[in-house]
Structures are given as structure tokens and as C-alpha cells.
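Take a look at the structure below.
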Amino acid sequence: MDISLSEDYEVLLAERRYEVISEIVKRVLRGRREVTFSDLLDKVFLDKYLGIPIFLTLWWALFRFTYDVSAPLSDLIDLLFSRLGELVRTWVVDEILSSFIADGLIAGIGGVLVFLPPIFFLFFGLAILEDSGYLARAAFVFDKLLSKFGLQGRSFIPLLLGFGCNIPACMACRTIDTEEDRILTIIVNPLITCSARLPVYVLIGSAVLGTYAAAGVYSMYLLSISLAILMALLFRHTIPYFKARRAAFILEFPLYAIPTLRTTLIHMWERGILFLKKAGTVILLGVIVVWFLSNFPWGASMEESYLAVLGKTLEPIFRPLGFDWRACVALFFGFLAKEIVVATFGTFFGLGEEEEEAIAEVIREQNIFTPLTGYTFMVFTLIYMPCVATIGVIYRETNSVKWTIFAVIYGLILAYIMSLLVITVGHLLGFS
């Protein structure tokens, strides 16, 4: 077999191997092979015209399932911790201790656990798609599209998981067989907007975007996907380490199967528990730190607190983007976990994170953001850097300080450039 250097020899060898197998099967088996139900499903799911629309439909259904089913449980958690905070304020006489327990510990834990139901249900739905055998076929469908941007089909699943949480998404890159492709997928994965960023979009959108709030949130997902793909393409063509030949994507499809409840629940728990561990450590610690800095010196106004000092130190850096010191502080603590961004705004106004509508109302009344600066803040939140837990996973999965630092620094630079671009173009178009 004559193979030129420009051709992908792994694919050609695989094709030739299956040609030989097909010839042997024809000689051994007589008659026409019966078309199975699996064959019919593959004809539909792998169709070059229907494959992507079918996936998008299933993905939309997954998100509807995730948020519609989890909403009552999230509301119940909100109510439970809200009542618990009220009881603490009633029972605990000491003002500082009461504030610490109610506004620090209870509000912090409750504000984080409210996101637990949608995240677990998201992983439940993904486990069903994976165990049924569909996700492997979705990866195959997207391979040709991703290959144009320097990625391969196996990158599709980790990028998909990033919409839930970037931590298991980076860990899922272990399935990518070549080191270059694996690291490239890991370092662009934080650009995929995780579920922790969604509350920030919803809060700012409802506060300043009005009837365009839903469109603003939706645009964050489109921007997220676009940036991940474009940065992968840029890194593939500019960083020598990634210029090696993209690995061939050869995949043996698993058989279609009906997922069992036990297996699905196990997969859901293994992925969801990562968020729960983060909630019980990094996020809780971050909320407590925010409470301390915003309440001390004790008795001083918010403008005189340690938190205000930190924010006003950072404000000159972000002034070109239209952010005041409160927005700077929210972004600073968002480095610990994006969930803390909403909690930080709540702390400024003496509200719990679960009182999202009240927080949005105060943001609107105090003119913290205009529609343009609010949208710019959403863009910056999307891009600027992964949370500290994700950074730890990036280091563990790449085993490289160099790539970990690179992922953080390029995210900060890209966030500032994109945000400055948004606000500059917005001003040129006449938006305030």
C-alpha cells in the first residue's frame, strides 16, 4: 500500500484492516446480513446532515430536564437555609457570632448547595447518554468539525462535560491517547462555561439587560464555545509543542444498551461528588473570608471595610472596563470559585446569595453596572481564569507547572482583551 507523507497512515491502515476483514466475512458468511435495530440507529445518529441537529436537540432536552427537575429541590434548599439563618439570628445574642454563623457559615453553605441539584441531574443525564452508547457516536459526528480547529473527536466529551464542571471535564481528557492533544484540550477547557458561572450571568442579566437578559446569557454559551475552538486553533498553529500531526480518531463504537439505574447513579455520584467536595472546602472558605473582610473593622461602614480597601486597590486596573471596586472584589474572590461572585454582591448589600432577585434590584438601583458594563462583566467572568480547584486539577492532569501557569495567564489576558473590545465597540455603537 503506497502512503504519502501527507496522508494519515493510521487511518489508512485502519481502513485497510477493515477492508480485509470485510472480504473475509463475505467469504465465510453466505446470504445477506440482517439489518439490525442498531444499524438503523447508526444510520440516523451518524448521518452527516442529521447527526449534529439530533445532538443539539438532545443537549437542549438534557438542559431542560436538568433545570426543570432540579428547580423544586433548589428552592427547598434555599428555604431551609434561609429559615435556619433566621433562627440563628433569633437565638444567638452575640452580634458578631450571630453574623458569622448566619451570614458567613449558613449563607455560604446554603448559597453553594443550591447548585447541587442541577449539577447532579446534569451528570445523571450525561451518564444516561454515555451508558446508552450515544456519546461515543456524538464524538464521531463532531470529529470532522473539531479537526478543522486542531482538536479531535475524543476532545468532544471533555468539552461537553465542561458545561457541568471543568474539574471532571479536565479529568475526562485522560481518554485522549496523544499527549499533545490531551494537554491542548485541558488548557482550552476552562473557556467552556461551567454551571458555576450561570448564576452570575442570570444575576447581572436580570439586573441590567432587561428583556435581553435571556439573549445575553445564551450569548455567553456561544462565546464560550467559539473561544475554546478558536484558541485551540491558535495554539495549534503558534505553539511548537502542538504543531505535531493531529492524532487519528479511530473509535470502536460500544453496543447500544439500556442504562441501568444503579450504574447511572454511580456515574452521577462519582462526578457530582467533586463539586460537593469543592463546596465543602474552597467555596465555604472563600465565603467566610468575604464575610470577615466585609465586616471588619467591626462597626465600620462597608466603604471603610478591609474589603473596600482591597477593591479600591484593584479598581484602577479595571476602570477602563467600567468596573467599580465592588465588581473588582467579586472578580477577585471568583478566583476561588465562581459561585462566590454572587455571594460577594449579596454580602455588600446584607443579603444572602439565595436572594438573587433582591441583589439584582440593588445592583439596578445603585447603578453598579450599565447594560454595557454589565455585559462586559459577564464576558470577563466567562473567560478570566478557572477556579482554584480546576487549576489544581490542571496541574495534576498535565503534571506541569508551566502549562498550569500558562492556562491562568492566557485566560487573564484574553479576558481583559475581550472585555476591552466589548466595551470599546459598545461605546462606538452608542451604548452607554
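Any read-out appearing in this document is the output of simple, stated calculations on the displayed coordinates, not a laboratory observation. A quick note: this is a predicted structure, and the numbers were derived from the prediction, not measured. All Cβ positions, glycine included, derive from the backbone under ideal geometry; neighbour counts span all protein chains shown.
Observations
- Using θ = phi - 60° in the Karplus curve 6.51 cos²θ - 1.76 cosθ + 1.60, the 3J(HN,Hα) couplings for the range 287-296 round to 5, 5, 4, 4, 4, 4, 5, 7, 9, 10 Hz; x is entered for Gly and Pro.
- Pairwise label distance in nanometres, Asp75 with Ser400, each label 7 Å out on the Cα-Cβ vector: 4.8
- When peptides 123-132, 90-99 are sorted by average Cβ neighbour count within 10 Å, with the highest value leading, the order is 123-132, 90-99.
- Divide the volume of the convex hull around the Cα atoms of the chain by the residue count and you get 167 Å³ per residue.
- Centre separation in Å (Cα based) which lies between the range 176-226 and the range 284-301: 29
- Estimated vicinal HN-Hα couplings, Hz - the range 357-362 in sequence order (Karplus 6.51, -1.76, 1.60; Gly, Pro = x): 5, 5, 4, 4, 5, 5
- GNM result for the chain, Cα springs below 10 Å: residue of Gly205, Gly392, Gly110 fluctuating most strongly: Gly392
- Base-10 log of normalised Debye intensity for the range 328-430 (one unit scatterer per alpha-carbon) at q = 0.10, 0.11, 0.18 Å⁻¹: -0.35, -0.42, -0.92
- Segment Ser301-Val35, length gained on full extension (0.36 nm per residue, minus Cα span): 88.3 nm
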